[in-house]
Every structure is written in C-alpha cells, then in structure tokens.
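Trainee: I have a structure I would like to understand better, so I am pasting it below and will then ask my questions one at a time.
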Amino acid sequence: MGLTVLDLSAYVGLLAVGAVTLNLFLGMLMAFRYSPHRSWPHRRFNYFRLHNWSGYIALSVSLLHPAILLINKDPHFRLLDLVYPVHSPSQPLENTIGAVALYLLAFVVVTSYLRLRLGRHLWKSFHFSIYFAAAALFFHSLWTAPALKNDPIDWLDGGKLFVESCFLLIASTSLLRWRHSRRKAAGLRRAAAL
C-alpha cells in the first residue's frame, strides 16, 4: 500500500512538531544565556539565526500540513474547514485546537519579524504566546487520530511516541527555564534590598 494523502499530511505535521520543538528549545537556550563557543560544541555559530530559521520552517510546514488535506477525498475538507475548523468533517475539536496553534505560531513569527518596531518589552510579551501555541500543537498532535476517524489513540504508535518525546523535552526544559527565571528574579530582589 502506497503513501496516502492522510499519511503525507501526518508526516508533514510531525515535521512541524519537530521544527517547533527545535525552535522552542533554541529559544530556551537563549534564555539560559547558553554559548556554543564556551560550551558544547565549542564552536562559533549563530544559533540565533538557526532559531529564526527554525521558526520560519515551523510556520511553513505548519501551513502545509492542513493544506494537503484539501486533496483528500474521505473525509473531504474545504478551505473553510481548514481556516475555521469548528465544523470540519472530522474531529472538529482537535482540528480547531490545531488551527489555534497555527494562528499563534504565525502571530509569534510575524511579531518577531517586527520586534524592533514593537520594542523589547511588548515583543517579549507577545513572544511568550509560543508556549500556548506549543500546548495547542501538542494537544492537536496527540489527540488527532491519524486516519481522521474517531479511532482510539495508539499511544505507542511511532508518530505519537515522537510527539510525546518532543512534549517531554519541552515540558522539562520549560520547567528548568521557569525555575531559572524565578531564581534570577529572587537574586535581583535581594540585590535591590541591599
């Protein structure tokens, strides 16, 4: 049996999950002030540029993922079902949450492109919406059935295991980042009190 339209859309969706995971991970490394020159791999390279490009790639493949469904025959998706999937022909809740993830990702990319005009404080506030986008993306990726039928989820399926691994990486790194920022804020408060 060959590659179906649903398979292609699923593989592109997994590529989007990988790109968003890489982008989030690189962004959190920046928050930790990680330096690839001082630490592993002890090389100079511009990982800020890599972070930007992974965001552009994540947005591109996230747009391609649902667009592929327009050529699927069963279930048949219309453009409206992709843009406003509340009444999509299959799994409308999961698809709506996926669309929210896509819209938030697009918002983050566009506002990042405009970060100098927005100013650091406003841009940073907007940029944190990537965590909501990631939560919606992981929900969509984990709860959507690959065949778009309301089949039970196979949590040990290769695609689901990949998404689960990406989720665990981002959840644990986010927890470390949150603890790091709390310690940093507490240190600043102590310094100001002296």
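The values are calculated or read from the model by the stated rules, or taken from the named source; none is laboratory data. Just so we're clear, the structure is a prediction, and the values are computed from it rather than from any experiment. No Cβ is skipped: glycine too gets one built from the backbone with ideal geometry, and neighbour counts run over all protein chains shown.
Trainee: Could you give every pair whose Cβ atoms fall below 7 Å, whose first residue belongs to the range 41-55 and is closer than 12 Å to Met30 by Cβ, and whose second residue is in a loop (DSSP other than H, G, I, E, B), counting only separations of at least 6 or pairs across chains?
Mentor: Matching pairs, first to second residue: Tyr47/Pro36.
Trainee: Now for a separate question. From Gly98, Gly119, grab the single residue that is in contact (Cβ under 8 Å) with a residue 40 or more places away in the chain and of a type in the set (Gly, Ala, Ser).
Mentor: Just one listed residue meets the conditions, Gly98.
Trainee: Scan His127, His140 and give me the residue that is closer than 30 Å to Thr4 by Cβ and surrounded by 13 or more Cβ atoms within 10 Å (Cβ to Cβ).
Mentor: Answer to the selection: His140.
Trainee: Among the residues of the range 142-161, write down those that are touching a helix residue (DSSP H, G or I) at 6+ places or on another chain (Cβ under 6 Å) and among the hydrophobic types (A, V, I, L, M, F, W, C).
Mentor: Listed by number, the residues that qualify are Leu142, Trp143.
Trainee: Follow-up question, since we're still on this one. Please determine whether any residue of the range 110-133 is β-branched (Val, Ile, Thr), more than 10 Å from the chain's Cα centre (by Cα) and not in a loop (DSSP other than H, G, I, E, B).
Mentor: Checked against the condition, which is being β-branched (Val, Ile, Thr), more than 10 Å from the chain's Cα centre (by Cα) and not in a loop (DSSP other than H, G, I, E, B), the range 110-133 yields at least one hit.
Trainee: For the range 131-184, give me the residue count where each residue is among the aliphatic types (A, V, I, L, M) and touching an Asp or Glu at 6+ places or on another chain (Cβ under 8 Å).
Mentor: 2
Trainee: Continuing with this model, one more query. Restricting attention to the range 146-168, and to residues there that are crowded, with 16+ Cβ neighbours inside 10 Å and of a type in the set (A, V, I, L, M), which single residue is farthest from Gly27 (Cα to Cα)?
Mentor: Per the criteria, the residue is Leu148.
Trainee: Go through (1) surrounded by fewer than 17 Cβ atoms within 10 Å (Cβ to Cβ); (2) closer than 25 Å to Asp7 by Cβ one by one and return the number of the condition Gly98 breaks.
Mentor: Single failed check for Gly98: (1).
Trainee: Which of the residues spanning the range 79-101 are modelled with pLDDT of 95 or more and in a loop (DSSP other than H, G, I, E, B)?
Mentor: Tyr84 - this is the single residue of the range 79-101 that is modelled with pLDDT of 95 or more and in a loop (DSSP other than H, G, I, E, B).
Trainee: Is it the case that some residue within the range 13-33 is loosely packed, with under 11 Cβ neighbours inside 10 Å, among the aliphatic types (A, V, I, L, M) and farther than 22 Å from Arg179 by Cα?
Mentor: No, the conditions are met nowhere in the range 13-33.
Trainee: Could you grab me the full set of residues in the range 49-68 that are more than 20 Å from Leu104 (Cβ to Cβ) and either modelled with pLDDT of 95 or more or surrounded by 12 or more Cβ atoms within 10 Å (Cβ to Cβ) (or both)?
Mentor: Across the range 49-68, the qualifying residues are Leu50, Ile68.
Trainee: To continue, here is another question. If I ask for residues that are closer than 19 Å to Met28 by Cβ and not basic (Lys, Arg), which ones from the range 108-129 would you list?
Mentor: The answer is Val108, Val109, Thr111, Ser112, Trp123, Ser125, Phe126, His127, Phe128, Ser129.
Trainee: On to the next question. List every residue pair whose Cβ atoms sit under 7 Å apart, with the two residues 6 or more apart in sequence or on different chains, where the first one lies in the range 142-155 and is in contact (Cβ under 8 Å) with a residue 24 or more places away in the chain and the second, anywhere, is assigned to a loop (DSSP other than H, G, I, E, B) and surrounded by fewer than 16 Cβ atoms within 10 Å (Cβ to Cβ).
Mentor: Going by the 7 Å Cβ cut-off, the qualifying pairs are Trp143/Ile153; Ala145/Asp151; Ala145/Ile153; Leu148/Pro75.
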